[in-house]
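Structure record follows, encoded as structure tokens.
Every number here is computed from the coordinates shown, using simple stated rules; none is lab data. A quick note: this is a predicted structure, and the numbers were derived from the prediction, not measured. We place every Cβ from the backbone using ideal geometry, glycine too, and count neighbours over all the protein chains shown.
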Amino acid sequence: LGGKMSNSFTRSEALLLRARAVIPGGVSSGNRANWTPFPLYYARGDGARVWDVDGNEYIDYVLGRGPLILGHGEPDVTDAIYHQLKVSQFFAGQIEGEIELAELICSLVKNVEMVRFCNSGSEAIHACIRLARSATGREKVIRFIGHYHGWYDGIAWGFSGVSAKPDAPPLPLPMSLGQPSSDAANIVAVEWNDPEAVANAFKNCRGEIAAIITEPIMFNGFWSNIQPIEGFLTFLREQCDANGALLVFDEVQTGFRVSLGGAVEHFGVAADLSAFAKALSGGVCLAAFAGRRELMKRLVETNTVHTGTYNAYPPAVMGALRHLTLLAVNAGAKLQRIHHHAALLERGLRDLASHTQLPLLVRSSPGAVTTAFRVAPTQVIDHRSAAEGLDLGLQRAWHLALQDQGIRITPEGLWYMSAAHSANDIATTLDAAQDALQSLSSR
Ligand code: PMP
């Protein structure tokens, strides 16, 4: 696999071998182990570029898997972080910037009236689900097969199992060994974009569903940039209202990327609770969950617990505040540039796809593009159809060939765009992608 490889990775390889003795797989996040030809080590990032420890330079579309929407090392953001570090790292008390950041989020995202900060998307989702259960007094959650909501036990379910009855939802399967099987009782897993499955789930579990949790755009693994079918999110909203359940949007990917107001603004569908992380913080460890006042106030008015030593870590808060302010300034001029450049990239990749015999498929959302290799006539609308005919060997070879050309995308084929990418970078990228495709064709 992978064809010729001209880049040298000797230093990365030596570090990885050393790491593997003390860090399982040499990586601190399981998905980093999927990198081709093996997990690399990096030395530096600047704007749209990164350099690995062997001195290879890349135009970076991984961007920390989404957070670095302004690019690597945006000086205003790093200054804000340094300044706070110098003043004081940490009080286990409040700083004013926390209020400003919450106010900014409330002003940008419709229906968000209150915000709490935490450290990761997984934590934010965990808190949303706890709040939804607290508010409804119910335990079951409808989630969609193939959506990712973090790695925590209670929600990392949703791979399709066999249904007990033809009209019953599939039994959810856990993502990992080590998850308590008892958690499955609280998960109702259905295919995305299947309104009938959602309606049946409510029928089968009458009065038991606390919430539907959904990525407003399917954005993870090999199933990225899969859009909701027309009216689907509105249908979820209506089903929740009709059944006394809450609608939770996992906006870890879509928040502040598809629109300044996230998926809520992009699709015009309001959530009750939302989780934000990646593009919220611009590369510092900060995430948030947010929602209607009456729900969020349960964190102080009832025994609904949310705590954390590092919550709202001041350097992260000040970095995120500067970052989000920059993104929002001039009615989101930077975000418009990002969308424009992502559309340029998408158009160029589609053009390449139309001139190759390889089954290259291009999908997109504002600010992010997906490339997949798939031989199947059906439209991609959910996990099942996305998986059908997917050529993971080609996907891997494409990742490697692009990397060899100095283009860095995720192994699953996701390309995030940043404000630091220029039209020139995109032209260079498309030339490189053409060469990469050619090398795949002649394998
Ligand atoms: N939800 C979604 C939609 C995500 O994409 C991710 C991360 N890729 C998470 C939750 C988990 O976020 P984190 O990795 O910050 O825990």
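Nearest 5 is fine: what % of DSSP beta bridges in the stretch 193-316 come out antiparallel, could you say?
DSSP beta bridges in the stretch 193-316 are roughly 45 percent antiparallel.
Mind listing the phi-derived Karplus ³J(HN,Hα) values for the stretch 77-86, rounded to whole Hz, using 6.51, -1.76 and 1.60 with θ = phi - 60°, and x for any glycine or proline?
With the stated coefficients, the stretch 77-86 comes to 6, 5, 4, 4, 5, 4, 4, 5, 4, 6 Hz.
Around I209, under 10 Å between beta carbons, what's the net of Lys plus Arg minus Asp minus Glu among the other residues?
Spelling it out: positives minus negatives among the neighbours equals +1.
Need the full-extension length gain, S422 to R298, defined as separation in residues times 0.36 nm minus the C-alpha distance. One decimal, nm.
Working it through step by step, the gained length comes to 40.1 nm.
Starting from the Cα-Cα distance between S442 and D76, subtract it from 0.36 nm times their residue separation and give me the gain in nm to one decimal.
127.2 nm
I need the fraction of alpha carbon pairs in the chain separated by more than 43 Å, rounded to a whole percent.
Above the 43 Å cut-off, the chain has 11 percent of its Cα pairs.
For N204 and R11, what does the FRET efficiency come to when R0 = 51 Å and r is the distance between their Cβ atoms, rounded to the nearest 0.05?
The value I calculate is 0.35.
Grab the beta carbon distance between S107 and Y152, set R0 = 22 Å, and tell me the FRET efficiency rounded to 0.05.
0.15
How big is the Cα convex hull of the stretch 75-327 in projection, averaged over all directions, in nm²?
Approximately 13.6 nm², given one-decimal rounding.
Please arrange S418, S441 by how many other C-beta atoms lie within 10 Å of their C-beta, fewest to most.
The most exposed by this proxy come first: S441, S418.
Could you compute the net charge surrounding L247? Neighbours are other residues with a C-beta less than 9 Å from the C-beta of L247; K and R count +1, D and E count -1.
-1
Cut-off is 10 Å between beta-carbons; in what order do D52, D46 appear when sorted fewest neighbours first?
Ordered by Cβ neighbours within 10 Å, fewest first: D46, D52.
If each of I99 and E388 carries a label point 7 Å out from its Cα toward its Cβ, how far apart are those two points in nm?
In this crude spin-label approximation the distance works out to 5.5 nm.
Nearest 5 percent is fine: what portion of the DSSP beta bridges confined to the chain is antiparallel?
65 percent
Taking every pair of alpha-carbon atoms in the stretch 71-133, give the share separated by more than 16 Å as a whole percent.
65 percent
Once a ≥ b ≥ c are taken as the square roots of the eigenvalues of the Cα gyration tensor of the stretch 387-442, is the result rounded (a/c under 1.5), prolate (a/b larger than b/c) or oblate (a/b not larger than b/c)?
Cα axes put the stretch 387-442 in the oblate bin.
Using the Karplus curve 6.51 cos²θ - 1.76 cosθ + 1.60 with θ = phi - 60°, what ³J(HN,Hα) values do you get for each residue of the stretch 46-60, in whole Hz, with x for Gly and Pro?
After applying 6.51 cos²θ - 1.76 cosθ + 1.60, I find 8, x, 8, 10, 10, 10, 8, 6, 8, x, 6, 9, 9, 7, 9 Hz.
First measure r as the distance between the Cβ atoms of A333 and H83, then evaluate 1/(1 + (r/R0)^6) with R0 = 35 Å and state the FRET efficiency to the nearest 0.05.
For R0 = 35 Å, the calculated efficiency reads 0.90.
Taking 8 Å as the Cα distance limit and 6 or more residues as the minimum spacing, I'd like the relative contact order of the chain as a percentage.
Averaging sequence separation for qualifying contacts and normalising by length gives 22 percent for the chain.
Let me have the 222 nm mean residue ellipticity of the chain computed from DSSP H runs of 4+ only, each contributing -39500 (n - 2.57), with the sum over all residues rounded to the nearest 500.
After summing the helix terms and dividing by the residues of the chain, the value is -12000 deg cm²/dmol.
Counting only DSSP beta bridges with both residues in the stretch 75-327, what percent are antiparallel, rounded to the nearest 5?
Percent antiparallel among DSSP bridges in the stretch 75-327 is about 50.
Length gain on complete extension for the stretch F90 to R18, per 0.36 nm per residue less the alpha carbon to alpha carbon distance?
Difference between extended and current length: 22.6 nm.
Within 10 Å of each residue's Cβ, count the other Cβ atoms and sort K278, K203 from fewest upward.
Ascending Cβ contact count within 10 Å gives the list K203, K278.
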